[in-house]
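Below: one structure, written as structure tokens.
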Amino acid sequence: MQAAATLPSRTPSERKRPFWREALQPYARPHLGRSLADVLTSVVPYLGLSVGMYWLLDVSYLLVLVVAVPASGFLLRTYILFHDCTHGSFLPTKKANQWLGITLGLVVWAPFFNWRHAHQVHHATSGDLDRRGEGDVPTLTVTEYYAAGFWGRLGYRLFRNPVVMFGIGPLWALVVQPRMVSLSARARLRNSVVATNVALIVLVGLIVVWIGWQAFLLIWLPPVMLAGAAGVWLFYVQHQFEDAYWESSDDWSYADAALRGSSYLKLPKVLQFFTGNIGLHHVHHLSARIPNYNLQRAHDENPIFHDVPTLTAWDGIKAVRLKLWDEDERRLVTWAEARHSGAAGAR
């Protein structure tokens, strides 16, 4: 993994001023033709392959599972388009982004307005130790972990277990959690969840009446699990790597969180296609209004992005070992390293 270079120190006023806005503005202009091409190479093939999986049920379920692999890739790509719509970056107008986002939300089972709110909180607080807890991967410090009770530590260990995170995590993150909303949430957010749930009940109900619930699950579930596991891993490695950025609110900086706390995950071109360039997460976090198809060009043409934390796919897999933030070492550590740190602190 290539570590990030330390950014030049900036005064408080410079930290507040978006020094990058002018340089990145040309990339934050969606192109309608390019966006339509993205739709034609994401949700359309996903739905087409789903129909193909239905017809293959009478031939061989092994073939269904084979087709589920590319279908999951197109489903993941569809989720990136939905994500871009929530940022208002995919289409030229706010209304167009909202309507396409709501429609794609039915494909990926996500309530547009509520998901957008949680994701905006993530962008506004990523890497802030004092504002953890919404739209991020729950992360404890070493001190917090050892101060927690038995059940708290057990729950955290279970959550950070790869089997739970990448096995149960996709169902929780994509199917269960989006169906829920706090009663104290704003009316628009509650209505977004309720309306999406009702629409999904009707839509799934019609499909089940047409093909039966067994066929629906056999077709729908494999791509969701594969795409969900890949999506959870992508979201994990975007901010969970050894030299990640975590600061208290007083020292936190939006630009530093983007350029030091968001990774550049360099994937093979075919995987970069299916993941909608989201591996260029450092660019996305600095300017969320850049559509996915302009992220690579923005990275290549701006030196500010050339010294960011860079991970390979193998680096991303190894990062799953990291569990806790060590405030003394200022890095994410494994369980073994945390035990050593805790023992040293007790002496």
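The values are calculated or read from the model by the stated rules, or taken from the named source; none is laboratory data. Treat the numbers as computed from the prediction; the structure is a model and nothing was measured. All Cβ positions, even for glycine, are placed from backbone atoms using ideal geometry, and neighbour counts span all protein chains on display. Ligands, DNA and RNA are excluded from the accessible area calculation, which covers all protein heavy atoms including side chains. Shrake-Rupley method; radii C 1.70, N 1.55, O 1.52, S 1.80 Å.
What the table shows:
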{"quantity": "Probe 1.4 Å, all protein chains present, accessible-area order of Lys269, Lys318, largest first", "calculated": "Lys269, Lys318"}
{"quantity": "Beta bridge orientation in the chain: antiparallel %, DSSP, nearest 5", "calculated": "45 percent"}
{"quantity": "Debye intensity ratio in log₁₀ form over the Cα atoms of the chain, taken at each q of 0.07, 0.09, 0.10 Å⁻¹", "calculated": "-0.31, -0.52, -0.64"}
{"quantity": "Residue-by-residue Karplus 3J(HN,Hα) for segment 213-224, coefficients 6.51, -1.76, 1.60, Hz, glycine and proline x", "calculated": "6, 5, 5, 4, 5, 5, 8, 6, 5, x, x, 5"}
{"quantity": "Three-way shape call for segment 58-105 based on the alpha-carbon gyration tensor, with the a/c threshold at 1.5", "calculated": "prolate"}
{"quantity": "Karplus (6.51, -1.76, 1.60) ³J(HN,Hα), θ = phi - 60°, over segment 245-257, in Hz, Gly and Pro reported as x", "calculated": "9, 9, 9, 5, 4, 5, 9, 6, 9, 4, 5, 5, 4"}
{"quantity": "Gap separating the Cα centres of segment 277-343 and segment 219-248, nearest whole Å", "calculated": "12 Å"}
{"quantity": "Debye log10 I(q)/I(0) for segment 239-318, one point scatterer per Cα, at q = 0.18, 0.26 Å⁻¹", "calculated": "-0.72, -1.32"}
{"quantity": "Total lysine pairs under 27 Å (Cα atoms) in the chain, excluding pairs fewer than 8 apart on one chain", "calculated": "4"}
{"quantity": "Hz values of 3J(HN,Hα) by residue in segment 85-94 - Karplus curve (6.51, -1.76, 1.60), Gly and Pro given as x", "calculated": "4, 5, 8, x, 9, 8, 10, x, 10, 4"}
{"quantity": "Given the chain, longest segment not containing exposed loop GluC sites (Glu not before Pro) (DSSP; at most 16 other Cβ within 10 Å)", "calculated": "135-326"}
{"quantity": "Global form of segment 24-169, assessed from the alpha-carbon gyration tensor, a/c cut-off 1.5", "calculated": "oblate"}
{"quantity": "Unit charges on C-beta of K, R, D, E only; dipole of the chain, Debye", "calculated": "660 debye"}
{"quantity": "Positive-end residue of Asn277, Trp210, Ser263, charge dipole of segment 189-347 with Cβ unit charges", "calculated": "Trp210"}
{"quantity": "Simple Cβ-charge dipole of segment 266-347, Lys/Arg +1 and Asp/Glu -1, about Cα centre, in debye nearest 20", "calculated": "260 debye"}
{"quantity": "Other-chain or far-sequence residues with amide H under 5 Å of Arg331's (modelled H)", "calculated": "Asp326"}
{"quantity": "For the chain, calculated [θ]222 nm from helices alone, where every DSSP H run of n ≥ 4 adds -39500 (n - 2.57)", "calculated": "-17500 deg cm²/dmol"}
{"quantity": "List Thr275, Thr143, Thr41, ordered by accessible area with a 1.4 Å probe, largest first", "calculated": "Thr143, Thr41, Thr275"}
